[in-house]
Amino acid sequence: MALQTITSQGPIVATPQEIRTELVALATAERPGLTTELPGTLIEDIVSTDVAAILLAEQAKLEVISSISPAAANLYLLYLLGQVYGVQQGVGSNTAVYVVFEGTPGYTVPKGLIVSDGTYSYVTQSSTIITDAGTSGQVYAVATVSGTWAIPADTVTTILSSVPESIVLTVDNLSPGIPATADQSAESYRKQVLDAGLVACTGTITAVKTYLKAVTGVVDHLISVKQVDTDPTLPLLLEVIVGGGDQLEVADAIWKSIGNPGILVGSVLGVTNITNANPAVVTTDILHLYDTGDTVTFEGVTGMSGINGLPFTVTYLTPYTFSINKNSTSSGPYDGGGICTPNPRNVTVTIYDDPDQYNITYVIPPQQPVTINITWQTTLQTAIADAAIAQYAAQNIIDYINTIPPGGFINYLEIQNIFQTSIVPIVPLETLITVIIETTINGIPVTPPLYESVVISDPEGYYYMQLADITFTRG
């Protein structure tokens, strides 16, 4: 009998009536004369009893299926899941000891090796290797049973797991063990298994994006994790760009998934020019996002003396320029370099994981308003209003622009293709003879470089349009 189904909402148990109907159908298929061979009341009594029994069995199946997750598993299944994830119950709360191995150089001592002090057994929690000096580093080993007891130094000296005959291997604990303070609770172990299920992907870019997409309010296409160019001898650095969501929740998602918070870096707001004028005018390489009255400090500027390290008040000029309250006419000429701080798009949130705390830095992508005007022409003599063209093409083009990820480019060929495809119902493709695209980003007219068909603005920003920002002109 197939009385239980699993839908997108999870397993569903059949109703008593559904069970009864299928049971009677199966019975009468086996014995067509069933209802004439036994009294009706007896048949009904048997059917009702069987339905109740099947219902209990189906409910038991439902509970088993529902308990496969570590969040709902009974203790037996939880222990099995822990074995799958490589998590031994009691790790972190059972009595434990640090051991050191000696033996054949180059031999890798596997994780899960069992050692003993003659009374209790301990399982190593990581692998190690015997160095050329014949010794390994310290390895953490956890007791296989709960409870608390003392482990004096130099007492864990027996290896219970098998070792290849060609390998010489001994073990010792150079310092006393760590007695447990209490048995690990089921709920503590449940959390440990849940965390273990995630650890395999923690630290990968895929994990970071997956965690961020689960944060309420975060916009999927506004998530970007960029590798920052650094000295190849230094660790990999990542710049995480996130649009939307509560800042604390976003930072928590990054912290849980990144592995090492030390590899996170923020955006750098670079200087490309400072004029010798009163007031001095500063040009930046990306949108500066300053408002009049903000305070800015410069670092690393060369050639212009007296500007580094001092606070200046900003007066907004354009998205890429601002003036400061400094007369630089007598300063040396700007020779290059320099960064502005603070960078308004950077967010740093402190995550507390008692007794430690970590600073999580990420970047909020700035919105870049876009306007588009498309000049079009057709060989058709029919009077076709620009409003009709807009009705067919405007929203499709807007949807394309508004889903470009941070740092993406606007492709004129894609806009042209969307436009042509959209207006086919009123302007056949073979009659279209002109499509000219004019664009502004952040209020600044932009055009593709020679022989190219794409434009890009702030490499960390995203584009935004609405219906009022796109126009069509027949001409």
For region 303-443, the spread of Cα positions along each principal axis, largest first, Å: 67, 53, 22
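For region 96-172, report the % of Cα-Cα distances exceeding 22 Å. Walk me through the intermediate numbers first.
Details: 480 of 2926 pairs.
Across region 96-172, Cα pairs with separations above 22 Å total 16 percent.
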Structure-derived P(r) over Cα pairs in 10 Å bins from 0, in percent: which label, when the choices are [x] 4, 18, 26, 26, 18, 7, 1, 0; [y] 4, 17, 22, 21, 15, 11, 7, 3, 1, 0; [z] 3, 12, 14, 16, 14, 15, 13, 8, 3, 1, 0, 0: [z]
Residues in region 403-421 that a label on residue 205 would reach, taking backbone N under 15 Å of a point 7 Å out along Cα→Cβ: 405-408
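For residue 444 and residue 359 in the same chain, what is the full-extension length gain: residue separation times 0.36 nm, less their Cα-Cα distance, in nm?
Working: separation 85, 0.36 × 85 = 30.60 nm, distance 3.63 nm.
Gain on extension, residue 444 to residue 359, equals 27.0 nm.
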Computed P(r) (all Cα pairs; region 269-344; 5 Å bins; percent): 4, 19, 32, 31, 12, 2, 0
Helical mean residue ellipticity (222 nm; -39500 (n - 2.57) per DSSP H run of 4+; nearest 500) of the chain: -8000 deg cm²/dmol
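Based on the Cβ-Cβ distance of residue 248 and residue 49, what FRET efficiency does E = 1/(1 + (r/R0)^6) give at R0 = 60 Å, to the nearest 0.05?
On the way: r = 57 Å, r/R0 = 0.95.
Result of the calculation: an efficiency of 0.60.
What order do you get for 126-134, 101-109, 365-373 when each peptide is scored by the mean count of other beta carbon atoms within 10 Å, highest first?
365-373, 101-109, 126-134
FYI, it's all coordinate maths here, none of it is from the lab. What you see is a predicted model, and the numbers here were worked out from it, not measured in a lab. Using ideal geometry, Cβ is built from the backbone for each residue, glycine included, and neighbour counts are taken over all protein chains shown.
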